[in-house]
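Notes for the one structure printed next.
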Amino acid sequence: MRPLAVKPDLIMQTHDAIRAAIMSGELAPGAPLAQEELAESLGVSRQPISHALILLKREGLVVERGRKGQMVAPINADRLLALYQVRSALDRLAASLAAQSSIPSAERRACLDRLIEDGMAAVAVGNIERLVEADVAFHLALYEMSGNPEIAAAADNAWPHMVRAMRIVLEEAAPRPTIWSEHREIADAIVAGDAAKAGDVAALHAENAGETTCRRLKAQ
């Protein structure tokens, strides 16, 4: 076997850095991705940039610009709605399993209360970055609490797309408290051990989020 020309960890570091910039909006939808500029910005050669862009293209975060190279993928409202529909099924399963978890209810309550407090604190200050981080943290905690690692694995590729859209939706203050009141309802059902209700409210929460996101994106 021949030695690798570029270390895989450097490719992944480059991939992760560009991915994070896309998710944060630093690289906005439609922004051109010139390899020379990215290489200079990240202090690497063009080779890991090229490999990273291939990976990001597979994830749907990068698309071709015809003959002009590549760019950050636009946010597609219909695709987001489809992703949220899939997430609705995953969230239903995660919340239902979390309600049946062997983790003591007091521990589940403490964990979920802390996450909800973080979310409400973000609502109070109106910081979109904190709001997005708190929202993602709450749902990832449900996935972990479910005890089924395949749920998080199945949802992983959708999160970058949803995070980009969430930033747009959360620019409006109106839906922010509703999101966290729904999170509280999910948490209460989980702690009470009501698997059916936990699954129902978690699924409805994801469906509402998808419809709200789709409407907001199409209205822009």
Can you find, within the stretch 120-153, the residue that is nearest to Ala202 (Cα to Cα) among those that are of a type in the set (Gly, Ala, Ser) and more than 15 Å from the chain's Cα centre (by Cα)?
Ser146
For the stretch 172-206, give me each residue that is in a helix (DSSP H, G or I) and either under 18 Å from Ile128 (Cβ atoms) or modelled with pLDDT under 95 (or both).
Pro175, Arg176, Pro177, Thr178, Ile179, Trp180, His183
Could you identify the single residue in Ala52, Ala28 that is at pLDDT 95 or above and outside any strand (DSSP E or B)?
Ala52
Mind listing whichever residues of the stretch 80-110 are over 14 Å from Gly193 (Cα atoms) and surrounded by fewer than 17 Cβ atoms within 10 Å (Cβ to Cβ)?
Ala82, Gln85, Val86, Ala89, Ala110
Kindly establish whether Arg67 is at pLDDT below 95, surrounded by fewer than 18 Cβ atoms within 10 Å (Cβ to Cβ) and over 25 Å from Arg216 (Cα atoms).
yes
Would you check if there is a residue in the stretch 65-75 being more than 27 Å from Glu133 (Cα to Cα), part of a strand (DSSP E or B) and touching a helix residue (DSSP H, G or I) at 6+ places or on another chain (Cβ under 8 Å)?
yes
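The values are calculated or read from the model by the stated rules, or taken from the named source; none is laboratory data. Since we're looking at a predicted model, the values are computed, not measured. Here the Cβ is made from the backbone with ideal geometry for all residues, glycine too, and neighbour counts use every protein chain on show.
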